[in-house]
Amino acid sequence: MSTATATAEVTTKTTPHDAARGFLLSRLGSLFSILPLGVWTLFHLWNNLASYSGPRVWQQEVTDHGSDASTLLVSLLVLIPLFWHMIWGIMRMGRSHPELRIGWFSNVRYIVQRLSALGLLGFLGAHLYLAWFSPRFIEHRAESFRDIAAHMHHHLPTTIVYALGILAVAYHLANGLWSFAMGWGLTVSRASQNWMQTVMLILFVVFLVIGWGAEYGLYSAGASFPAPIE
Ligand code: HEM
């Protein structure tokens, strides 16, 4: 073997340091999906139930953060983990594939997890732009209750996109809790994984009821506002 080839082989080998770094970066992609992302997402859906209590309470619960500094801090604490998790997720989608030997239901769950991830990519892009970035950084104010409620009531595409986005979030987070528990060694035996599957299905319904409940609150409140002018 020539010296040049031997040198090339040595430099492309993965060192233990690289492997440890890759492992840590990947573990963070998984960890961030629950903390802070999953927890924050649940609070966000729950806080939107304030839509039943009128504009003032909704604004207090959803858009008021006390000061510009705390608005920035909350945004960064959520957005950085979200982008990290998205890149982690996209890389995993490229590397993994369904396995016939694990049974049809597990494969369906696996495929829907990835479809919901793609749906979330589009939904979160639109939601973050229209409800966060555009009002705060272009119009220099927070999203108003009147705006979101009126769109939810009078603009059918908004109603449908939110309903589907919430469906994707509820499934992706509930099923993600199952794979997170397995990935971190919390559910090792087949029995504990089956038990976690039941928990996951219950959580899916609970998340969905909270999210769709919040959307219905906005939809009903929107009836008292005129249709927005596009
Ligand atoms: C509200 C936003 C999101 C939340 C709360 C969330 C939550 C989760 C959770 C809890 C997991 C399981 C993690 C694990 O198994 O260790 C997961 C997995 C995954 N997420 Fe997300 N996620 C979100 C957005 C996204 C987006 C936008 C994408 C777009 C690419 C994405 C792609 C994925 C993929 C591909 C997996 C499966 C990875 C695998 O099992 O190999 N997620 N997510």
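A few remarks follow.
- The residues in segment 111-143 that are of a type outside the set (A, V, I, L, M, F, W, C) and either at pLDDT below 95 or within 24 Å of residue 59 (Cα to Cα) (or both) can be counted, and the count is 10.
- Among the candidates 101, 114, the residue that is surrounded by 14 or more Cβ atoms within 10 Å (Cβ to Cβ) and either within 13 Å of the ligand (Cβ to nearest atom) or more than 18 Å from residue 178 (Cβ to Cβ) (or both) is uniquely 114.
- Top-ranked residue of segment 15-47 - restricted to ones that are small (Gly, Ala, Ser) and over 17 Å from residue 175 (Cβ atoms), ranked as nearest to the ligand (Cβ to nearest atom): 26
- For segment 193-203, the count of residues that are within 16 Å of the ligand (Cβ to nearest atom), of a type in the set (Phe, Trp, Tyr) and either modelled with pLDDT of 95 or more or closer than 22 Å to residue 102 by Cα (or both) is zero.
- Filtered residues of segment 49-101 (kept if of a type in the set (Ser, Thr, Tyr) and part of a loop (DSSP other than H, G, I, E, B)): 63, 67, 96
Yes or no, residue by residue, for (1) touching a Gly at 6+ places or on another chain (Cβ under 7 Å); (2) more than 30 Å from residue 224 (Cβ to Cβ):
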residue: 17; (1), (2): no, yes
residue: 24; (1), (2): no, yes
residue: 34; (1), (2): no, yes
residue: 41; (1), (2): no, no
residue: 49; (1), (2): yes, no
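- Residues of segment 134-145 that turn out to be in a helix (DSSP H, G or I) and either surrounded by 15 or more Cβ atoms within 10 Å (Cβ to Cβ) or within 12 Å of the ligand (Cβ to nearest atom) (or both), as a count: 3
- Some residue of segment 210-230 being loosely packed, with under 12 Cβ neighbours inside 10 Å, of a type in the set (Val, Ile, Thr), part of a helix (DSSP H, G or I) and without any contact (Cβ under 8 Å) to a residue 40 or more places away in the chain: no
- Taken over segment 57-78, the criterion of being surrounded by 12 or more Cβ atoms within 10 Å (Cβ to Cβ) and either touching a residue at least 12 places away in the same chain (Cβ under 8 Å) or among the small types (Gly, Ala, Ser) (or both) is satisfied by 58, 59, 61, 62, 63, 64, 71, 75, 77, 78.
- Within segment 146-185, considering residues that are outside any helix (DSSP H, G or I) and over 22 Å from the mean Cα position of the chain (by Cα), the one surrounded by the most Cβ atoms within 10 Å (Cβ to Cβ): 155
- For the residues 120, 130, the requirement of being within 11 Å of the ligand (Cβ to nearest atom) and among the hydrophobic types (A, V, I, L, M, F, W, C) singles out 120.
The values are calculated or read from the model by the stated rules, or taken from the named source; none is laboratory data. This is a predicted model, so every value here is computed, not measured. Note that each Cβ is placed from the backbone with ideal geometry, even for glycine, and that neighbours are counted across all protein chains shown.
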